[in-house]
1. Just checking, how many residues over segment A:182-195 are surrounded by 13 or more Cβ atoms within 10 Å (Cβ to Cβ) and out of contact with any Gly (no Cβ under 8 Å at 6 or more places or on another chain)?
2. Restricting attention to segment B:144-157, and to residues there that are surrounded by 21 or more Cβ atoms within 10 Å (Cβ to Cβ) and either among the basic types (Lys, Arg) or part of a loop (DSSP other than H, G, I, E, B) (or both), which single residue is farthest from the other protein chains (Cβ to nearest Cβ)?
3. Is there a residue in segment B:68-81 that is at the interface with another protein chain (Cβ under 7 Å from one of its Cβ atoms) and at pLDDT 85 or above?
4. Quick check, is A:Gly15 closer than 30 Å to B:Val125 by Cβ and not in a helix (DSSP H, G or I)?
5. Within segment B:44-66, track down each residue that is within 7 Å of another protein chain (Cβ to nearest Cβ) and part of a helix (DSSP H, G or I).
6. Could you look through segment A:23-65, keep only residues that are among the polar types (S, T, N, Q) and assigned to a helix (DSSP H, G or I), and pick out the one that is farthest from B:Leu21 (Cα to Cα)?
7. Select the helices (runs of 4 or more DSSP H) contained entirely in segment A:66-173, then report the ones holding at least 1 residues which are surrounded by 15 or more Cβ atoms within 10 Å (Cβ to Cβ) and in contact (Cβ under 8 Å) with a residue 24 or more places away in the chain.
8. Among the residues in segment A:39-47, are any more than 9 Å from chain B (Cβ to nearest Cβ), in contact with a helix residue (DSSP H, G or I) (Cβ under 8 Å, 6 or more places away or on another chain) and exposed (fewer than 13 other Cβ atoms within 10 Å of the Cβ)?
Amino acid sequence: MADERQDERTEDMLGLWQNQNTEGFRMTPDELRKRMEQMEKKLRRRSFDGYLVCGFLVAFFMWWMVVSGDSMQRLGAAMTMAGVGYLAYEIRRNRWRETPPAEMGDTASADFLRTELARQRDFHRGRTFWVRILVFFPGPMVFFAGFARAHPEVIEMIRFEAITFVLLILAAIPLNWWMSRRYQRQIDGLDRLQRES
Amino acid sequence: MARDHLYEQAAGELGPAIERLARSYEADGEKRRDLLQEIHLAVWRSFDGFGGQCSLRTWVYRVAHNVAATHVLRHRRAGARPLVSLDEIESLSDGSDTEASVGRQQTVERLHAFIQQLNPLERQVILLYLEGIDAASIGEIVGISPGNAATRVHRIKKILAARFRSGGRRGR
């Protein structure tokens, strides 16, 4: 009896759900093509903005390489430029890489979601994370040391900048660990859900 | 063009379901419009790789849910309340949900709000159930066993019956 009542109620819910007002939204082939062009333009724009920031940083350190008479500062500038280049490459490669829509249709949602979550998790932990830190950290430190050697009159300011930089890098470690744990918890939940029967 | 033809067919048959899906994944009207367009675009583009390996319905639902799940992953703020599972929802008491005096529209609104709290996969199961998809097909779309899907559907029925007591009947 209770089961019958429950079935009746959920049948009502189904009816209510399926009969709710919709706009009858659909797109014409022209609209779809236009939207695809807009999306590609947006992606190109986003890449361009990223390259612009990297280009600015590279230009800034390139300038220091040219004007600085201190070899350590020049070495630091070169290392930082390499770090910026690597960072840009990593972000572009790993973050929100688009899955082709045809692949989405071929992949069950649980598998798709797991892959997406694992990609996010791996961005924040493991070898790729530490390589990113190791590639990016030494350059500015060598640059600061060289700057302090070449300009001892502003050593206090450089010390402040160097300490701030170190603190930011140190803060990135627990933050990324926390992010990766968060993604891992979602993956664990997904695995549990798939195992249950 | 085959892609355009398949899209027309899919939009005709499943367009309303996709709209309801978008509404359950995104509460903000403007973002929902974007999500809806993104889903339609992905469905249209996906047909380049569609060779009848599954039914059109399964294919479209997979694409739509995968796009929507990606949307949730991208746009959820770091400090946002964590999404919950059916287990957690069952253990939460919410007196307001069991009130018997709500109208159709309010019930639908609350149903969307309820679904938006769920993690993407459970959200998907409940949405497919509400669309009248059987447990075996839900399993195929979501990627869980038919038994698992049937168990989840059973629990969803229980939760819906308990939390949305009479909105449907009263509205009829």
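1. Pass one, segment A:182-195, residues surrounded by 13 or more Cβ atoms within 10 Å (Cβ to Cβ): A:182-187, A:189-190, A:193-194.
From what's left, out of contact with any Gly (no Cβ under 8 Å at 6 or more places or on another chain): A:182-187, A:189-190, A:193.
So the answer is 9.
2. Ranking the qualifying residues of segment B:144-157, first place goes to B:Arg152.
3. Looking for residues that are at the interface with another protein chain (Cβ under 7 Å from one of its Cβ atoms) and at pLDDT 85 or above, one finds at least one in segment B:68-81, hence yes.
4. No.
5. Once the filter is applied, which keeps residues that are within 7 Å of another protein chain (Cβ to nearest Cβ) and part of a helix (DSSP H, G or I), segment B:44-66 yields B:Trp44, B:Arg45, B:Ser46, B:Asp48, B:Gly49, B:Trp59, B:Arg62, B:Val63, B:His65, B:Asn66.
6. Let us first name the residues in segment A:23-65 that are among the polar types (S, T, N, Q), namely A:28, A:38, A:47.
Keeping just the survivors that are assigned to a helix (DSSP H, G or I) gives A:38, A:47.
On the way: A:Gln38: 24, A:Ser47: 31 Å.
Step by step, filter segment A:23-65, then rank; the result is A:Ser47.
7. Working: elements: A:71-94, A:101-106, A:109-123, A:126-136, A:138-150.
Here the list reads A:71-94, A:109-123, A:126-136, A:138-150.
8. Quick first cut of segment A:39-47, residues more than 9 Å from chain B (Cβ to nearest Cβ) only: A:40-47.
Then keep just the ones that are in contact with a helix residue (DSSP H, G or I) (Cβ under 8 Å, 6 or more places away or on another chain); that gives A:47.
With exposed (fewer than 13 other Cβ atoms within 10 Å of the Cβ) added as a condition, the list becomes A:47.
Yes, some residue in segment A:39-47 is more than 9 Å from chain B (Cβ to nearest Cβ), in contact with a helix residue (DSSP H, G or I) (Cβ under 8 Å, 6 or more places away or on another chain) and exposed (fewer than 13 other Cβ atoms within 10 Å of the Cβ).
The values are calculated or read from the model by the stated rules, or taken from the named source; none is laboratory data. Please read all numbers here as calculations on a predicted model, not as lab measurements. Here the Cβ is made from the backbone with ideal geometry for all residues, glycine too, and neighbour counts use every protein chain on show.
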